[in-house]
Amino acid sequence: MTTLNPDLPAQLVQGIYHGTLGITPGHNPGNNGPTAACLSCLPEAGSLPKAGTAGEPDLHLSDSYYFLKSLHPEGMTLPGRSPGSTYNVEAIRKDFPIFQQKVNGRPLIWFDNAATTQKPQAVIEALVKFYREFNSNVHRGAHSLAAKATDAYETAREKVRHFLDASSAAEIIFLRGTTEAINLVAQTYGRTVLGKGDEILLTTMEHHSNIVPWQMLRDATGATIQVAPITEWGEINLDEYGKLLERRPRIVAITHVSNVLGTINPVRKMIEMAHHYGACVLVDGAQAVAHLPVDVRELDADFYTFSGHKIYGPTGIGVLYGKKALLEAMPPWQGGGSMIERVAFEETSYKKPPHKFEAGTGNIPDAVGLGAAIDYLQRIGRSEIEGYEKEITGYAMTELAKIRGVHLIGTSPSKTGVISFLVDGISPEEMGEILDREGIATRVGHHCAQPLMRHYGIRGTIRAALGIYNTRDEIDVLVKTIRAALVRLRG
Ligand code: 7TS
C-alpha cells in the first residue's frame, strides 16, 4: 500500500501518458490565416469528491492503479436540486414497466444508461398506437392514414427542434443515430471541404463513432487528424486545444459529454474558440441531451447529434442538427426515393433539407416514439432532471471514493452521472458479473473509447451510468456489493 499525496498522480500521469498521445506535427497549406465561417468552405448554396466533503475519502491506494485516483483541486460539489424541486423519483420509476421484474432474483438496478436507457410506458404506447392505428408510409400516400403518419412524423421533428432549440425543423434530420449522423457529416460536408494537408481536430475522450468516420475521411482526402489532450481528471486541456486550433483545422469534432468520464465539456467556449479560427464544429451530444438542457443556438454548434435510445426513446432513430445554410450548401449523402425533386437519367435535382438527407423510407414509428420520449422528459423538466442527477452523482462519487481499493476515473466537478472505476484485485469483467448477480446492470470494458483507455494505460473500466430513475438506495446496493466483494477477496 502507498499513501499518496493527491498532487502526485498529476505529475505521474502527465509524465507517463502525455508523451504517448501522438499529437503529430503537421502542416496545413490550404488554410492559412483566419477564414470566415465554415460555410465559406462549401460551394454556393444550392449546389471526484474533495477530501472532507462527506467524510474523508480513503487515500491509501494500492500500487496497482496508483495513478488513477486523482482528486480534482476544486473538489466535487455538485449543487443538486433546487429547494422547490418537484422531482419524484418513485413516481418516475412507476412509468417504466421493466422495473417490475427481478433479475437473478433481485430487483433490477439499471446502471447501464450510457449504453441505452429503459423506456417509459408513454414511449411503448406511442409505438403500439402507431402500428395499431395509423401505420403508413409518409409524404406519399393519397389516403388518410398516410396523412396521419406524415403528421405524426413531422410533429416529432418539430418536438426535436424544440428540444434542441433549433430555429427551424428543416435543420433536424432523422437518421439511425449518432453514428450515422457523424458519418453523414464526414461524407458530405467533410468530403466537400477537406483537401490534402487539411486538419481535423478531435479530443482524446471521443467515442469510436467520433473517431473512425473522420479516419475514413482522412484516408479518402489526405487530411490529417490532430488530438486535443485531456487533464488527469478527464477534462479537455483548453490551452493545448487552443494551440491546436492555431493550426487552423477545418473541422473540430468534440463530444459534449464523455461516455466514460462523464465530463461535461465546455463546448460553448470550445466552439467560440474554434470559430475564431474558422473551423466548423460538430458536437456529439449522445451522452448529453438526456441529462442537461441543450440549446444549439446558444452553443452556436454547426452540427449536433444524438441517439433516441439514450434518451428513453426507441433504438434505430437519431438526429443530426445542422445549421440551415450549411445543410443547404452540402451535397446529399445517400440517394434514392424521398430526397429528390425531379429525376431524369441525365440529371436529378434534390429536395431541400431535411428531406435531401433522408433517402428512402425513414424509421417513422421510432421517430414518433422519440417524440413521445421528448414529451416525457419535458414533462419532468430538464433542469429538474439535471439537478436530481447531479445530486445522486455527487452521492455515488462520494460513497465510492470512500471504499479502499476503488479508483474513480473522471473526477471533473463538471460531470454527469457516468461513473467509471476500477477495483483493486478484481477485474472489470469479474466485477460486472458480481454486480449482475445482485441484479445490478453495469457495463465493463473499453466503452468504445480505446484511445482514452490507452491514455490512462488501462484496458477497460466498470461503468455505472445513472439516469432519471436511479436512487440513492440503488447506489447503496452498488457500494455494499463492491465492499462485500473486497472483503471476500481480502479474506
Ligand atoms: N457518441 C457517444 C459519446 C456515445 O456514448 C455513443 C454510444 C455514440 C456516440 C454512438 O451512439 P449510437 O447510438 O450511434 O451507437 N455509446 C455507448 C456506450 O457508451 N455504451 O454503449 C454505447
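The values are calculated or read from the model by the stated rules, or taken from the named source; none is laboratory data. In this text the structure is predicted, and so the values were computed from the model without any measurement. Cβ atoms come from the backbone with ideal geometry, glycine included; neighbour counts cover every protein chain shown. Ligands, DNA and RNA are excluded from the accessible area calculation, which covers all protein heavy atoms including side chains. Shrake-Rupley method; radii C 1.70, N 1.55, O 1.52, S 1.80 Å.
Tell me, in nm to one decimal, what length is gained between Gln450 and Lys94 on full extension, where the rule is 0.36 nm per residue of separation less the Cα-Cα distance?
Separation in residues times 0.36 nm, less the Cα-Cα distance, equals 124.5 nm.
Per residue, what accessible area does segment 325-380 have, given a 1.4 Å probe and all protein chains present, in Å²?
That works out to 48 Å² per residue.
Kindly report the accessible area of segment 106-203 per residue (heavy atoms of protein chains, probe 1.4 Å, no ligands, DNA or RNA), in Å².
Averaged over the residues of segment 106-203, the accessible area is 40 Å².
So which chymotrypsin sites (Phe, Trp or Tyr not before Pro) in segment 308-393 end up in coil per DSSP with only 10 or fewer other C-beta atoms within 10 Å?
When the chymotrypsin sites (Phe, Trp or Tyr not before Pro) of segment 308-393 are filtered for loop state and at most 10 Cβ neighbours within 10 Å, Phe345 remain.
Counting only protein heavy atoms and using a 1.4 Å probe, what share of the accessible area of segment 319-411 belongs to carbon plus sulfur, as a whole percent?
Looking at segment 319-411 in its full context, I get 48 percent from C and S.
Report the FRET efficiency, 1/(1 + (r/R0)^6), for Thr86 and Gln215, where r is their Cβ-Cβ distance and R0 is 60 Å, rounded to 0.05.
According to the calculation, E is roughly 0.85.
If you roll a 1.4 Å probe over the heavy atoms of the protein chains, what accessible area per residue do you get for segment 228-269, in Å²?
That works out to 28 Å² for each residue.
Please give the net charge around Gly432, taking every other residue with its beta carbon less than 14 angstrom from that of Gly432, where Lys and Arg add +1 and Asp and Glu add -1.
My count for the surroundings of Gly432 gives -2.
At q = 0.15, 0.17, 0.18 Å⁻¹, work out log10 I(q)/I(0) for segment 125-378 with the Debye formula, treating every Cα as an identical point scatterer and leaving solvent out; two decimals please.
Each listed q maps to, in turn, -1.04, -1.28, -1.40.
How many angstrom lie between the Cα centre of segment 354-396 and the Cα centre of segment 279-295?
12
For Arg161, Arg454, Arg191, write out the residues from largest to smallest accessible area, computed with a 1.4 angstrom probe and no ligands counted.
Largest accessible area first, the list is Arg454, Arg191, Arg161.
Net charge near Ala373, counting Lys/Arg +1 and Asp/Glu -1 over other residues with Cβ under 13 Å of its Cβ?
So the surrounding residues net to +1.
Is segment 231-363 best put as rounded, prolate or oblate by its Cα gyration tensor, with a ≥ b ≥ c the root eigenvalues, rounded for a/c under 1.5, and otherwise prolate when a/b is larger than b/c, oblate when not?
Judged from the Cα gyration tensor, segment 231-363 comes out oblate (a/c at least 1.5, b/c at or above a/b).
Spelling out what I want: for every residue of segment 269-286, take phi, set θ = phi - 60°, compute 6.51 cos²θ - 1.76 cosθ + 1.60 (Karplus), and round to whole Hz; glycine and proline get x.
Once θ is set to phi - 60°, the couplings for segment 269-286 become 5, 5, 5, 4, 4, 5, 5, 4, 9, x, 7, 9, 10, 9, 10, 8, x, 3 Hz.
Measuring from centroid to centroid over Cα atoms, what is the spacing of segment 190-257 and segment 302-346 in Å?
Cα centroid of segment 190-257 versus Cα centroid of segment 302-346: 22 Å apart.
Hey, which lysines would be in cross-link range of Lys324, C-alpha to C-alpha under 19 Å, not counting anything within fewer than 8 residues on its own chain?
By straight Cα distance, Lys324 reaches Lys159, Lys351, Lys352, Lys356.
What is the distance in Å between the Cα centroid of segment 449-466 and that of segment 408-447?
10
Count charges around Thr221 for me, please; just the other residues with Cβ under 9 Å from its Cβ, Lys/Arg as +1, Asp/Glu as -1.
Counting the neighbours of Thr221, the net charge comes to +1.
Determine the share of segment 124-215's accessible area contributed by carbon and sulfur atoms, expressed in whole percent, with a 1.4 angstrom probe.
51
Calculate how many DSSP beta bridges within segment 125-378 are antiparallel, expressed in % of all such bridges and rounded to the nearest 5.
Counting only bridges with both partners in segment 125-378, antiparallel ones make up about 50 percent.
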